[in-house]
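As C-alpha cells, the structure follows; a few thoughts come after it.
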Amino acid sequence: MKILAIETSCDETAAAVVEDGRRALADVVATQIDIHRRWGGVVPELASRNHVVQVMPVVDEALSRAGVGPDGIDAIAVTSGPGLVGALLVGVQAAKALALAWQKPLVRVNHLEGHLVAAFLSETAPAFPFLGLVVSGGHTSLYAAERFGAYRLLGQTRDDAAGEAFDKGAKLLGLPYPGGIAIDRLAKEGDAHATRFPKAIVKGSELDFSFSGLKTALLHHVKKHGVPEGRGLADLCASYQEAIVRALVEKAFRAARRLQFDRLVLSGGVAANSRLRAAVSEKAAEYEGMEVFLPAPRLCTDNAAMIAVAGTHAFLRGERAGADLNADPAWRL
Ligand code: KG4
Ligand code: ZN
C-alpha cells in the first residue's frame, strides 16, 4: 500500500510517498527557513504564500522520486491541524484537489500524531504501548500511545514549548532563527556548568512542563552581564540548553517509571538536538529494560513521511475525509 502525504502546517512544504506505513519511497521537504530568518521567526502570511508556490512542485518531486504515478497511490493523507490556519489550508486544498482529480480516498492527519509515529520509519520501530514525548516549536507533550489512532495526553507545557524556549533564548542572544539549531551548534564548544539556571519545575503536576521561567532567567542574565562573546557565548548556550534538556529528560523518565512504560519514543524538532539525544541515551542506560527510540534528525523535524505513516493506519481503519475537509488549527490530539 502506498500513501501520498502532504504537510504544510508551519514553514516546511513537504510531500512523501510511504509504503506499508514503514518505508519512505520519497520524502521531500522544501524549507522556508531562509525566507523567515530575516524576520526572526515564522511570518504566517509569508508561509502561506510560499506553500502555494511550492506545494505542487514538491508533490511532483515526491512522486517522481518514488517512481510512482497517481495510479500507484492508494490514498492521499494531509495534515489538517494543528498549525497555522493559512498554511494548513494550502495543503488541505491541494490534497482535496488531487483526491478529486485522481479519484483517490482522502484522510486527514493530526500533525502531532505524525510526530508520534515518525519512529516507525526507522529501521527498528517501537511496539505499542509506548510513552511518546513530542518536543517541537509549538508543543511539549507527553502521550501514552496505546495503538495507532489511540493516544492519551499525560502532560504538557504550561507556557512555552521546548522549541520556543530555544528560539526565544537564541533571539535574546542575537542568534539567527531557528534558534534551536544555532544553540545546539554553539553549545558543543561550551561548558554546560558555566551558568546555573533554575530547575524548570511545575507546582501541582509532575507531568507538566514549564519553560518561561528559564527564558526569564536568561533575560535577567543578559541584562546584568550583557551578551558574551566567543567562549562565553558558547558556555551560556551550553548551560541554557542543559537546563531545557534536563527538564525534558527528568520528566520523561519519571513518567515512564511511574506509569510503567518500558519504551520511550522522542520526536519533534527539538528531538534533533544533539545534547538531548545524548542525555536520553545516557539516562536510558540507568533504567534497566528501558528502550529508547530516537528517529533520525530529519524525521524529528517537520516532514510528510510521518504524516503518511499516520495516514496509512487511519486509512486502514476506514477513516475518510470528504470534500468539506477544513483546516483545524487548534485540533487537539
Ligand atoms: O517539529 P518542528 O520542525 O516544527 C514544529 O512542529 O514546531 O520543530 C521546530 C522546532 C524549532 O523551535 C527549532 O528551533 C527546534 O525545533 N529545533 C531544535 C533543533 N533543530 C530544530 N532545537 C534544538 N536543537 C536542534 N538541533
Ligand atoms: Zn512539527
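In region 91-114, is there at least one residue being small (Gly, Ala, Ser), out of contact with any Asp or Glu (no Cβ under 9 Å at 6 or more places or on another chain) and within 16 Å of ligand 1 (Cβ to nearest atom)?
Start the filter on region 91-114 by keeping residues that are small (Gly, Ala, Ser), which leaves 91, 94-95, 97, 99, 101, 114.
If we keep only those that are out of contact with any Asp or Glu (no Cβ under 9 Å at 6 or more places or on another chain) too, we end up with 94-95, 97, 99, 101.
Applying the additional criterion that residues be within 16 Å of ligand 1 (Cβ to nearest atom) yields none.
For region 91-114, residues small (Gly, Ala, Ser), out of contact with any Asp or Glu (no Cβ under 9 Å at 6 or more places or on another chain) and within 16 Å of ligand 1 (Cβ to nearest atom): absent.
Quick check, is residue 106 of a type outside the set (Phe, Trp, Tyr), away from ligand 2 (no atom under 16 Å from the Cβ) and either within 17 Å of residue 311 (Cα to Cα) or at pLDDT below 95 (or both)? It would help to see each step written out before you state the result.
Working: of a type outside the set (Phe, Trp, Tyr): yes; away from ligand 2 (no atom under 16 Å from the Cβ): yes; either within 17 Å of residue 311 (Cα to Cα) or at pLDDT below 95 (or both): yes.
The answer is yes for residue 106.
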Of the residues 238, 200, which single one is buried (at least 19 other Cβ atoms within 10 Å of the Cβ), within 16 Å of ligand 1 (Cβ to nearest atom), assigned by TED's automatic domain parsing to the domain that holds residue 286 and modelled with pLDDT of 95 or more? 238
Out of region 297-327, which residues are open to solvent by less than 60 Å² (accessible area, probe 1.4 Å) and among the charged types (D, E, K, R)? 302
Quick one: count up the residues across region 58-75 that are more than 22 Å from the chain's Cα centre (by Cα) and either of a type in the set (Lys, Arg) or closer than 14 Å to residue 31 by Cβ (or both). 2
Checking residue 87 against (1) within 16 Å of ligand 1 (Cβ to nearest atom); (2) modelled with pLDDT of 95 or more; (3) open to solvent by 10 Å² or more (accessible area, probe 1.4 Å); (4) among the aliphatic types (A, V, I, L, M): exactly one of these is not met. Which one? (3)
Among 265, 249, 270, the single one that is assigned to a helix (DSSP H, G or I), within 16 Å of ligand 2 (Cβ to nearest atom), of a type in the set (A, V, I, L, M) and under 21 Å from residue 281 (Cα atoms) is 270
Filter result (assigned to a loop (DSSP other than H, G, I, E, B), within 16 Å of ligand 1 (Cβ to nearest atom) and either surrounded by fewer than 23 Cβ atoms within 10 Å (Cβ to Cβ) or at pLDDT below 95 (or both)) within region 1-27: 10, 11
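The values are calculated or read from the model by the stated rules, or taken from the named source; none is laboratory data. Values in this document were obtained by computation on a predicted structure and should not be read as measured data. Neighbour counts are summed over all protein chains in view; Cβ atoms, including those assigned to glycine, are modelled from backbone coordinates with ideal geometry. These area figures cover heavy atoms from the full protein model, side chains too; ligands, DNA and RNA do not enter into them. Shrake-Rupley method; radii C 1.70, N 1.55, O 1.52, S 1.80 Å.
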